[in-house]
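Data first, discussion second: the structure below is written as structure tokens.
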Amino acid sequence: MIESQRHSYHLVDPSPWPISGSLGALATTVGGVMYMHSFQGGATLLSLGLIFILYTMFVWWRDVLRESTLEGHHTKVVQLGLRYGFILFIVSEVMFFFAFFWAFFHSSLAPTVEIGGIWPPKGIGVLDPWEIPFLNTLILLSSGAAVTWAHHAILAGKEKRAVYALVATVLLALVFTGFQGMEYYQAPFTISDSIYGSTFFLATGFHGFHVIIGTLFLIICGIRQYLGHLTKEHHVGFEAAAWYWHFVDVVWLFLFVSIYWWGGI
Amino acid sequence: MAMAMMRSGLQAALRRGGRNASPKRSFASSAHHDDAYETAKWEKITYAGIATCTILAFNNLSKGHPHHEETPPYSYLHIRNKEFPWGPDGLFEKKHADH
């Protein structure tokens, strides 16, 4: 496009999406506060804001995919930058979950007299870690194996195999989410039942939300693999999804060991 | 020294994009065979995982869930400070009335 370009960096074109995303976030925040304080039109503004954000995400990422495939802007150097960026994003996610584990251990290691001085608090019936939670651990580990299968299939140039592997990964992810939903529905405590319920649903709920994001990411990768976007040499999007999926998997292992297992005894 | 090694290791990992680069893989011909082998291996591991999960899932679901006895209304349970925008109860908290 630019004849005089003598470097391999991607100088992006002006784009409306940063400002549209910002306006969507503003509407979501203001609408959310209005909704929670029962102002008229709060729910409408909140919904509009969320729709705006979702639309921005769709078209922005659509543009990135066009820049990568059609326009060929993602040189080796740009790919390196994208990987660095995604690693930093995952590091920030680690810190995000660190805060919830901190809240959990703060409350459980020295339980206050207000909850009976014991953990789990008096009157809280906990979930058996060796039933659904352990099954979910195996499901996530299996889907981690499936995403590795997909990775090797892409590297080996086995395009169909890679699609099958991604379908397996996504199906396992959906089964995990289904079991979590079932477990939430049947749980004898809720988020409003003491600090136990608060820390439990805050940590596992945000993990579940991340599982859903990771599942969408993997679905996009599956579609792109089917469309032939991903090649042996260039599949940064898939790598990012796989890293993200492993991150979500590791967070679950920590949740299982500390909140479900240790925190349930 | 250790930091420098870690840094160069990270950079190498980033450059090859998470791909294993053991010395034997630097030959293009053998690299292809290796990935095919790894693909088949991880496919088998995935099937083994799915089989284990299926057995465990049937085992779990056939058991039925235990019923917890009612607890005294301790002040730290079922906390309500104000109404939700949609009403008095949380969206997934009907169980307090049902059970």
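The values are calculated or read from the model by the stated rules, or taken from the named source; none is laboratory data. In this text, all values refer to a predicted model and were calculated from it rather than measured experimentally. Please note: Cβ atoms are built from the backbone with ideal geometry, for glycine as well, and neighbour counts cover all protein chains shown.
For first residues located in the stretch A:26-55 and more than 19 Å from B:Phe84 (Cβ to Cβ), partners that are among the β-branched types (Val, Ile, Thr) and lie 6+ apart or on another chain with Cβ distances below 6 Å form the pairs A:Gly49/A:Thr28. Filtered by the rule that a residue be away from chain B (no Cβ under 14 Å) and in contact with a helix residue (DSSP H, G or I) (Cβ under 7 Å, 6 or more places away or on another chain), the stretch A:64-76 gives a lone residue, A:His73. Being in the same structural domain as A:Leu230 (by the TED database), touching a Gly at 6+ places or on another chain (Cβ under 7 Å) and either touching a residue at least 60 places away in the same chain (Cβ under 8 Å) or among the aromatic types (Phe, Trp, Tyr) (or both) holds for only one residue in A:Trp102, A:Trp119, and it is A:Trp119. Give the residues of the stretch A:5-14 that are without any contact (Cβ under 8 Å) to a residue 60 or more places away in the chain and either among the basic types (Lys, Arg) or surrounded by 12 or more Cβ atoms within 10 Å (Cβ to Cβ) (or both), sorted by residue number. The one that is without any contact (Cβ under 8 Å) to a residue 60 or more places away in the chain and either among the basic types (Lys, Arg) or surrounded by 12 or more Cβ atoms within 10 Å (Cβ to Cβ) (or both): A:Arg6.
Taking helices (runs of 4 or more DSSP H) that fall entirely within the stretch A:145-258, which contain at least 3 residues that are in the same structural domain as A:Leu88 (by the TED database), without any contact (Cβ under 8 Å) to a residue 40 or more places away in the chain and surrounded by fewer than 23 Cβ atoms within 10 Å (Cβ to Cβ)? Can you show your working first?
Numbers: elements: A:159-186, A:194-227, A:236-255.
In the stretch A:145-258, A:159-186, A:194-227 are the helices (runs of 4 or more DSSP H) which contain 3 or more residues that are in the same structural domain as A:Leu88 (by the TED database), without any contact (Cβ under 8 Å) to a residue 40 or more places away in the chain and surrounded by fewer than 23 Cβ atoms within 10 Å (Cβ to Cβ).
Picking from residues in the stretch A:91-120 that are more than 31 Å from the chain's Cα centre (by Cα) and outside any loop (DSSP other than H, G, I, E, B), the one that is surrounded by the fewest Cβ atoms within 10 Å (Cβ to Cβ) is A:Val113. Selection within the stretch A:175-207: residues that are facing chain B (nearest Cβ under 8 Å) and in contact with a Phe, Trp or Tyr (Cβ under 6 Å, 6 or more places away or on another chain). The member of this set that is nearest to A:Leu109 (Cα to Cα) is A:Ser194. Quick check: is even one residue across the stretch A:85-104 over 22 Å from B:Tyr47 (Cβ atoms), polar (S, T, N, Q) and either more than 9 Å from every other protein chain (Cβ to nearest Cβ) or touching a strand residue (DSSP E or B) at 6+ places or on another chain (Cβ under 6 Å) (or both)? Scanning the stretch A:85-104 turns up at least one residue that is over 22 Å from B:Tyr47 (Cβ atoms), polar (S, T, N, Q) and either more than 9 Å from every other protein chain (Cβ to nearest Cβ) or touching a strand residue (DSSP E or B) at 6+ places or on another chain (Cβ under 6 Å) (or both).
Residue by residue through the stretch A:220-244, note down the ones that are of a type in the set (A, V, I, L, M) and over 21 Å from the mean Cα position of the chain (by Cα).
Narrowing the stretch A:220-244 to residues of a type in the set (A, V, I, L, M): A:220, A:223, A:227, A:230, A:236, A:240-242.
The answer is A:Leu227, A:Leu230.
Checked against (1) under 30 Å from B:Ile45 (Cα atoms); (2) more than 11 Å from every other protein chain (Cβ to nearest Cβ); (3) among the charged types (D, E, K, R), A:Glu131 meets all criteria but (2).
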